[in-house]
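Only one structure is covered here, and it is reproduced in the block below.
Derivation of every value follows stated rules applied to the coordinates shown; laboratory data play no part. For clarity, every value in this text was computed on a predicted model and none was experimentally measured. A quick note on method: Cβ atoms are made from the backbone with ideal geometry, for glycine too, and the neighbour counts reach across all protein chains shown.
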Amino acid sequence: MLDIQNISKTFEKGTVNEHVAINNMSLKLEDGEFVTIVGSNGAGKSTLFNAICGSFMVDSGHILLDGKDITYDSEHSRAKVIGRVFQDPMKGTAPNMTIEENLALAYSRASKGSNPFARAITKKKVEFFRENLARYNMGIEDRMKTKIGLLSGGQRQVVTLLMCTLSIPKLLLLDEHTAALDPATAQKVMDITKTIVSENNITTMMITHNMKQSLTTGTRTIMLDSGEILLDLSGDERDNMTMEDMIKMYSMKKQKEFDNDRILLS
Ligand SMILES: Nc1ncnc2c1ncn2[C@@H]1O[C@H](COP(=O)(O)OP(=O)(O)OP(=O)(O)O)[C@@H](O)[C@H]1O
Ligand SMILES: [Mg+2]
């Protein structure tokens, strides 16, 4: 499904600020895998997502999606098959457009390519969007004509999630998408995420700063450090892994304490 082959990215090469953000990283995901990603601040988690989405070109290596080499594809063309939800609920939606306009735009982009008529908001489409929103009890389904900027953070994240998944993406990337929400809303958005991912068997990568969540959500956990994959856990090894074990493994491999001011250890 996703096949990352020896990618590297150095920022500000040749300056005093030169920084290797991704260091010869390889990673293979099978169809339907749900991978959680943890790692200290600056480990390269968001940079990995940026590389996959084409926010910049990698310095070396290749990225294949469903067997197709997308290494040199534009961000725009990758966005048709890769959905992404950010930590900031303000990102990913157009605040001055209504819920139905945002959904229609995203849906047509992903499903019909450049056909301008696909953007039309038909009654049938609105009903389809409404039915999907109603399933999640976020109180949004009767506000289809409300501008998205007026919604709460949690409501916006659910709309963004639907924008990314109503037309099923090949890959869904979640970058701490519940981190800016209060605990109850974060839990609700997480539950909705799990439902959408499992019902549609979407191959998913989710960055989280909650280490426990990284072990209990999805099927595989990857710890990044200094632009490299430090741990890659699945199956029994993952099932039996505790947060304490994970931190110990980090310290053993790196010969230093795990350092992160944002990580949640409980
Ligand atoms: N566009 C850029 N220009 C220069 N440096 C960058 C750029 N993007 C990322 N970096 C640097 O690359 C490193 C990795 O950043 P990245 O955002 O991937 O970290 P992260 O693992 O997502 O961390 P966090 O948990 O804080 O979100 C950091 O040192 C960061 O400053
Ligand atoms: Mg990040």
statement: Under 5 Å from the placed amide H of residue 66, counting only residues 5+ away or on other chains, we find 2, 3
Principal axis box of the range 1-63, alpha-carbon based, largest edge first, Å: 41, 25, 18
- prompt: When the Debye formula is applied to the Cα atoms of the chain, each taken as the same point scatterer, what base-10 log of I(q)/I(0) results at q = 0.12, 0.13, 0.14 Å⁻¹?
  reply: -0.75, -0.88, -1.01
query: Roughly how many nanometres apart are two label points built 7 Å out from the Cα toward the Cβ at residue 168 and residue 124?
result: 2.0 nm
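Counting only pairs 8 or more places apart or on different chains, how many lysine pairs in the range 17-139 have C-alpha atoms closer than 15 Å?
Counting lysine pairs in the range 17-139 gives 4.
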field: Rg over Rh [alpha-carbon atoms, Kirkwood Rh] for the range 123-266
entry: 1.04
statement: FRET efficiency for residue 147 and residue 10 from the Cβ-Cβ distance with R0 = 51 Å, rounded to 0.05, comes out at 0.80
Within the chain: Cβ-based charge dipole about Cα centre, in debye rounded to nearest 20 (Lys, Arg +1; Asp, Glu -1): 1060 debye
message: With +1 assigned to the C-beta of every Lys and Arg and -1 to the C-beta of every Asp and Glu, and no other charges, what is the dipole magnitude of the range 150-228 about the Cα centre in debye, to the nearest 20?
response: 200 debye
- prompt: Once the Cα atoms of helix 153-165 and of the chain are each reduced to a long axis, what angle between those two axes, in degrees from 0 to 90 to the nearest 10, is obtained?
  reply: 90 degrees
message: Just to verify a number: FRET efficiency for residue 74 and residue 1, C-beta to C-beta distance, R0 = 25 Å, to 0.05?
response: 0.75
task: Pull out a ≥ b ≥ c, the square roots of the eigenvalues of the alpha-carbon gyration tensor of the range 178-224, then state rounded if a/c is under 1.5, prolate if not and a/b is larger than b/c, and oblate in the remaining case.
output: oblate
- prompt: Quick one: of the DSSP bridges fully inside the chain, what percent are antiparallel, nearest 5?
  reply: 50 percent
- prompt: Across the range 194-265, how many lysine pairs separated by 8 or more positions, or lying on different chains, have Cα atoms within less than 26 Å?
  reply: 6
task: Assuming R0 = 35 Å, can you tell me the calculated FRET efficiency for the pair residue 252 and residue 57, based on Cβ-Cβ distance, to the nearest 0.05?
output: 0.50
query: residue 206's amide H: which non-local residues (gap 5+, or another chain) put their own amide H closer than 5 Å, with H modeled 1.01 Å from N in plane and none for Pro or chain starts?
result: 35, 36, 37, 174
query: Where does each of 212-220, 162-170 land if you order them by average Cβ count within 10 Å, highest first?
result: 162-170, 212-220
